[in-house]
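One structure is given below, encoded as structure tokens.
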Amino acid sequence: QAFVHVGLLVVAALALPPAIGAAARGGAPEGGSPAWWLLKTLLVTVGPPFLVLSASAPLLQRWFSRTRAASASDPYYLYAASNAGSLFALLGFPLLLEPALTLGQQGRAWAYAYGALLLLFAACAALALRRAQRPAGAAEENGPSPAAAEPPGVRRRLRWVLLAFVPSSLVLGVTTHVTTDLVAVPLLWVIPLALYLLSFVIVFARGFKLPRGFAARVVPGTAVLVAMV
């Protein structure tokens, strides 16, 4: 895991700083759908770093769960931190970074931040490797690790992937409807995405728990009302 993921981070760094090529700078081809053009442009610019970074969060949580930290048995609160960071970036970019930096400066800043993240990830990988090389007796001094539990089967994994599609497709559908059929306002799409990220922060935050009974009573009724609207 450590060597493969750090290697992928290094390979993805070859796409930085992101720049639009001459062929794509002219925009989508006339008379055709822009979907494939957009996907191809994203694939050769921000696609590789985005793909690798998206896979980093669960991997880091996995490594953290194998440490001797007091909260290693429940590493999922880190999702609150990562989504809070995404929320801060989502709101901070149009308000703080975009007005103050040119496109070239933004690209270089992104590349430098990615390089710093790569070094920090390599340090985490080194700690994970050192942890994995310890004798079995030393690793079990604090009791069985949650990573030692029986891994989930293929059917459960596929169910998790299927369930993950539901909120993502819903927020995409709502955003498309609001920005296309209701009103075309710049950056209006930020609001649904910010609420989506905030929901992860609330659910996974430590010290704040939404009562399950309250959620079970309110969420279904709210969903029905929203669907009717």
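So the values come out like this:
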| read-out | value |
| --- | --- |
| The chain - percent of accessible surface contributed by carbon and sulfur, probe 1.4 Å | 72 percent |
| By average C-beta atoms within 10 angstrom, highest first, the peptides 181-187, 123-129 | 123-129, 181-187 |
| Separation of alpha-carbon centers, region 169-229 and region 46-108, rounded to whole Å | 21 Å |
| The chain - mean residue ellipticity at 222 nm from DSSP helices (-39,500 (n - 2.57) per run, n ≥ 4, rounded to 500) | -20500 deg cm²/dmol |
| Net charge dipole size for the chain [Lys, Arg +1 and Asp, Glu -1 on Cβ; Debye, nearest 20] | 640 debye |
| Accessible area (Å², 1.4 Å probe, nearest 10) - H177 | 90 Å² |
| Whole-number percent relative contact order across the chain, with pairs defined as alpha carbons under 8 Å at least 6 apart | 29 percent |
| Low-density loop cleavage sites - trypsin sites (Lys or Arg not before Pro) in region 169-216, where at most 13 other Cβ are within 10 Å (DSSP) | R206, K209 |
| Accessible surface, the chain, averaged per residue in Å² (probe 1.4 Å) | 73 Å² |
| Loop trypsin sites (Lys or Arg not before Pro), region 2-88, which have at most 16 other Cβ atoms in a 10 Å radius of their Cβ (DSSP) | R68 |
| Top positive-direction residue, dipole computed over the chain with Cβ charges, set P29, I202, A184 | I202 |
| Gyration tensor verdict on the chain (Cα atoms; rounded if a/c is under 1.5, prolate if a/b is larger than b/c, oblate otherwise) | oblate |
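The values are calculated or read from the model by the stated rules, or taken from the named source; none is laboratory data. Remember, it's a predicted structure, so these values are computed and weren't measured experimentally. Because the Cβ atoms are built from the backbone with ideal geometry, glycine has one as well, and the counts that use them run over all protein chains shown. Heavy atoms of the whole protein, side chains included, go into the accessibility calculation; ligands, DNA and RNA do not. Shrake-Rupley method; radii C 1.70, N 1.55, O 1.52, S 1.80 Å.
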